[in-house]
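The values are calculated or read from the model by the stated rules, or taken from the named source; none is laboratory data. Note that the coordinates shown come from a computational prediction; the quantities given were computed from them, not determined experimentally. Every residue, glycine among them, receives a Cβ derived from its backbone with ideal geometry; neighbour counts consider all protein chains shown. We work out accessible area using only protein heavy atoms, side chains counted, and drop any ligands, DNA or RNA first. Shrake-Rupley method; radii C 1.70, N 1.55, O 1.52, S 1.80 Å.
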Amino acid sequence: MNIFRLTGDLAHLIAIIILLHKIWKSRSCAGISGKSQVLFALVYTTRYLDLVTSYVSIYNTFMKFVFLATSYATIYLIYVKFKATYDHNHDTFRIEFLILPSLALALLINHYFNFLEVLWTFSIYLESVAILPQLFMVSKTGEAESITSHYLFALGSYRALYILNWIYRYATEGHYDLIAIVAGVVQTVLYCDFFYLYITKVLKGKKLQLPA
């Protein structure tokens, strides 16, 4: 555990809180991609199956339960409680084009070929592209509410901070995980254009608009 890992986890938690607060306060899930949230739920479910097989620490266990519970709570709010406000006309990304290649890649490139390891690897690959339906939706509508932009920025910051965590661990421990690093870099690159627009527009009080 180091400062980059802690702040990365904090950014991830803040992103989830922002999203849930936005949905609950506005009583609407407009502008939120339900498909991205389904992908994140699949990521956490396949990654945290080790909850029943191993124990690392109270902190580790608590955070895993938080991410699992909040991801399914978000899906419930989008597809059940506030279903009438869900913009399914713009949330049209074909998520099978992300799930199937991620699974195929996990079967081909992994550390060990066993059930839990393949699922963990699948979750790493899938997480790197899980935000694409949300970014596609924002691009399709042409703009994003400030609160949605804050959520995306916090989520992107989480992965960027994890890259710093990996660099720190390699420098101090000689430890690295090439699969996680490559997937994390891919995920961060997907946010780069958004980061630029967020810093130059949203932080100056302007509405974020993306080319359709």
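Laid out as a table, the results:
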item	result
Selection status of Phe93, touching a Phe, Trp or Tyr at 6+ places or on another chain (Cβ under 8 Å), in contact (Cβ under 8 Å) with a residue 24 or more places away in the chain and open to solvent by 30 Å² or more (accessible area, probe 1.4 Å)	yes
In the range 1-48, the residues that are more than 18 Å from the chain's Cα centre (by Cα) and farther than 22 Å from Leu164 by Cβ	Trp24, Lys25, Ser26, Arg27, Ser28, Ala30
Any hit, the range 48-59, residues being under 25 Å from Val189 (Cβ atoms) and surrounded by 14 or more Cβ atoms within 10 Å (Cβ to Cβ)	no
Which numbered condition Thr121 fails, given (1) open to solvent by 50 Å² or more (accessible area, probe 1.4 Å); (2) more than 30 Å from Cys29 (Cα to Cα); (3) of a type in the set (Val, Ile, Thr)	(1)
Which listed residue, of Leu6, Leu105, Leu77, Leu68, is modelled with pLDDT of 95 or more and open to solvent by 40 Å² or more (accessible area, probe 1.4 Å)	Leu105
Asn110 vs. criteria over 20 Å from the mean Cα position of the chain (by Cα) and buried (at least 17 other Cβ atoms within 10 Å of the Cβ)	yes
Residue among Tyr191, Tyr168, Tyr151, Tyr162 that alone is touching a helix residue (DSSP H, G or I) at 6+ places or on another chain (Cβ under 6 Å) and surrounded by fewer than 19 Cβ atoms within 10 Å (Cβ to Cβ)	Tyr168
Residue tally, condition without any contact (Cβ under 8 Å) to a residue 60 or more places away in the chain and open to solvent by less than 20 Å² (accessible area, probe 1.4 Å), over the range 29-47	4
Pairs, first in contact (Cβ under 8 Å) with a residue 40 or more places away in the chain in the range 108-133, second aromatic (Phe, Trp, Tyr) and assigned to a loop (DSSP other than H, G, I, E, B), C-beta under 6 Å, six or more apart	Pro133/Phe93
Unmet criterion (only one of (1) touching a helix residue (DSSP H, G or I) at 6+ places or on another chain (Cβ under 9 Å); (2) open to solvent by 30 Å² or more (accessible area, probe 1.4 Å); (3) not polar (S, T, N, Q)) for Met137	(2)
Of residues in the range 19-60 being of a type in the set (S, T, N, Q) and touching a Phe, Trp or Tyr at 6+ places or on another chain (Cβ under 7 Å), the one modelled with the highest pLDDT	Thr46
Considering residues of the range 1-50 that are of a type in the set (A, V, I, L, M, F, W, C) and not in a helix (DSSP H, G or I) only, the residue nearest to Leu116 (Cα to Cα)	Met1
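Table: residues versus (1) within 12 Å of Gln187 (Cα to Cα); (2) not small (Gly, Ala, Ser).
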site	(1), (2)
Leu126	yes, yes
Ala130	yes, no
Met137	no, yes
Thr141	no, yes
Thr148	no, yes
Leu155	yes, yes
Trp166	no, yes
Ala171	no, no
Gly174	no, no
